[in-house]
Amino acid sequence: MTATNPLSYLGEQLEAWRQAGTYQRLRVLESPCEPLSRVDGREVINLASNNYLGLADHPKLVEAAIAATKKYGAGSGAVRTISGTMSIHIELERRIAQFKHTEACVVFQSGFAANAGTVSAILTPEDHIITDALNHASIIDGCRLSRAKIHVFAHRDTAAAGKILDDLAGASGRKLLITDGVFSMDGDIGPLPSLVEIAESHGAIMMIDDAHSSGVLGRNGRGTVDHFGLHGRVDIQVGTLSKAVGVLGGYVCGSRDLIEFLYHRARPFLFSTSHPPGVAAACLAAFEILENEPERIEKLWDNTRYFKAALNNAGFDTGQSETPITPIMVGEAKMAHAFSAALFENGLFATGIGFPTVPEGKARVRTIVTATHTRELLDRAAEILTRVAKQMGVLR
Ligand SMILES: *Cc1c(COP(=O)(O)O)cnc(C)c1O
């Protein structure tokens, strides 16, 4: 008797993706993450990272990680609630809370864990979540795990969010209004001032996910709450340590009670081992740089304006972007992946993104500039994009 493979449907699905041109091979980085990186044996201009400030291989972060590793070891040995809370974890949480001007902070292993762990911990099936249609997958998973009722409003449509809350006025249960600070696929900014007002007038909890705004927006990169001057009016601020901060992790900032509650109930905090000490130390070094070298953030925004102008002059449709994330809209997923592959052959690394990450027909190649790209590299990138786009009919 020949056994049939019960997982054969996976191979069939992969084959279907190959046929559709949406099968994705992992690109392998063979150098540190830098503006010029070595990827799959080729030197390419890297517009595909979230290393906004060039901190991922900054000598101060690397040295801090090495020193902490030598002093405390490679791993922490346990989850935070058993014996895996090290002094350096507490130091990092204090540092972030101070930086964000909040009472307290808890660090998770990733931004994903921070969102999913927080939303699922603070709500019950009796409660309601009002969430932007383009919020990050980790928020969506957190919403589902909470089993609260999920009400999705159209992207950045504050009137629609208000209407949902009006309709829920008599309903029992708590309400959580949640938005990304900066949206990762479009690079636009959430309408925080109006959402905060709506949350306040309806007695809803306000939560924002500042993954792409941490280190990018606000004074010294304090995020969208600082950018909009909304201190004290957002109950839950999530940020990431994995993007501009250059390392790995996520954090939640808010009241002391919120943080202590998460210590007791957030499942990734309770059931998954804490960061290696080297990670916490490198993050601390990154906050030192954020506070002392704001010129890095200025350079990021200079580069952003310069590169967007070059793309717009060339005739590209860059959507609604207001941040260093600049999509180049191409339409179909197959074209986005083909365009990205052709760019790579010509020395430029920019990710093709299609359904289901973005809606059908809204596929794009996403570019992200960093503070460490030189003007010369950005000029070369714009030249490659324009030349290849014309060859492929993305630009006429
Ligand atoms: C990247 C991202 C996350 C996840 O952060 P990690 O630290 O990489 O897990 C969460 N939310 C948004 C909006 C993101 O873009």
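Tally up the residues in the stretch 185-215 that are without any contact (Cβ under 8 Å) to a residue 60 or more places away in the chain, open to solvent by 30 Å² or more (accessible area, probe 1.4 Å) and not in a loop (DSSP other than H, G, I, E, B), please. Summing the residues that are without any contact (Cβ under 8 Å) to a residue 60 or more places away in the chain, open to solvent by 30 Å² or more (accessible area, probe 1.4 Å) and not in a loop (DSSP other than H, G, I, E, B) in the stretch 185-215 gives 6. Only residues that are of a type outside the set (Ser, Thr, Tyr), in contact with a strand residue (DSSP E or B) (Cβ under 9 Å, 6 or more places away or on another chain) and crowded, with 20+ Cβ neighbours inside 10 Å were counted across the stretch 57-88, and they come to 1.
Looking at this structure, is residue 183 aromatic (Phe, Trp, Tyr) and more than 12 Å from the ligand (Cβ to nearest atom)? No: the conditions fail for residue 183.
For the structure I just gave you, tell me whether residue 353 is open to solvent by less than 10 Å² (accessible area, probe 1.4 Å) and β-branched (Val, Ile, Thr).
No: the conditions fail for residue 353.
Reported count of residues in the stretch 294-330, each being of a type in the set (D, E, K, R) and surrounded by 17 or more Cβ atoms within 10 Å (Cβ to Cβ), is 3.
Of the listed requirements (1) farther than 19 Å from residue 59 by Cα; (2) open to solvent by less than 10 Å² (accessible area, probe 1.4 Å); (3) among the polar types (S, T, N, Q), residue 370 misses just one: (1). Among the numbered criteria (1) of a type in the set (Gly, Ala, Ser); (2) out of contact with any Lys or Arg (no Cβ under 7 Å at 6 or more places or on another chain); (3) open to solvent by less than 10 Å² (accessible area, probe 1.4 Å), which one does residue 341 miss? It is condition (3) that residue 341 fails. Scanning the stretch 241-281 for residues that are touching an Asp or Glu at 6+ places or on another chain (Cβ under 7 Å) and either buried (at least 24 other Cβ atoms within 10 Å of the Cβ) or at positive phi (or both) yields one hit, 254.
Pick out, from the stretch 1-106, the helices (runs of 4 or more DSSP H) lying fully within it that include 2 or more residues that are of a type in the set (D, E, K, R) and more than 22 Å from residue 243 (Cα to Cα). Even if it seems obvious, please write down each step before you answer.
On the way: elements: 8-20, 59-72, 87-100.
Ranges flagged: 8-20, 59-72.
Under the condition of being buried (at least 17 other Cβ atoms within 10 Å of the Cβ) and either basic (Lys, Arg) or closer than 21 Å to residue 189 by Cβ (or both), the residues counted in the stretch 133-154 number 9. If we scan the stretch 330-338, do we find a residue that is at pLDDT below 95, charged (D, E, K, R) and either part of a loop (DSSP other than H, G, I, E, B) or out of contact with any helix residue (DSSP H, G or I) (no Cβ under 8 Å at 6 or more places or on another chain) (or both)? Yes, the conditions are met somewhere in the stretch 330-338.
Could you check how many residues of the stretch 103-136 are over 15 Å from residue 209 (Cα atoms) and near the ligand (Cβ under 9 Å from one of its atoms)? I'd like the intermediate steps shown before the answer.
Going residue by residue through the stretch 103-136, those that are over 15 Å from residue 209 (Cα atoms) are 103-104, 109, 121-128.
Now drop any that are not near the ligand (Cβ under 9 Å from one of its atoms), which leaves 109.
Going through the stretch 103-136 one residue at a time, the tally reaches 1.
The values are calculated or read from the model by the stated rules, or taken from the named source; none is laboratory data. Note that the structure is a prediction, hence the values are computed from the model and not measured. We place every Cβ from the backbone using ideal geometry, glycine too, and count neighbours over all the protein chains shown. These area figures cover heavy atoms from the full protein model, side chains too; ligands, DNA and RNA do not enter into them. Shrake-Rupley method; radii C 1.70, N 1.55, O 1.52, S 1.80 Å.
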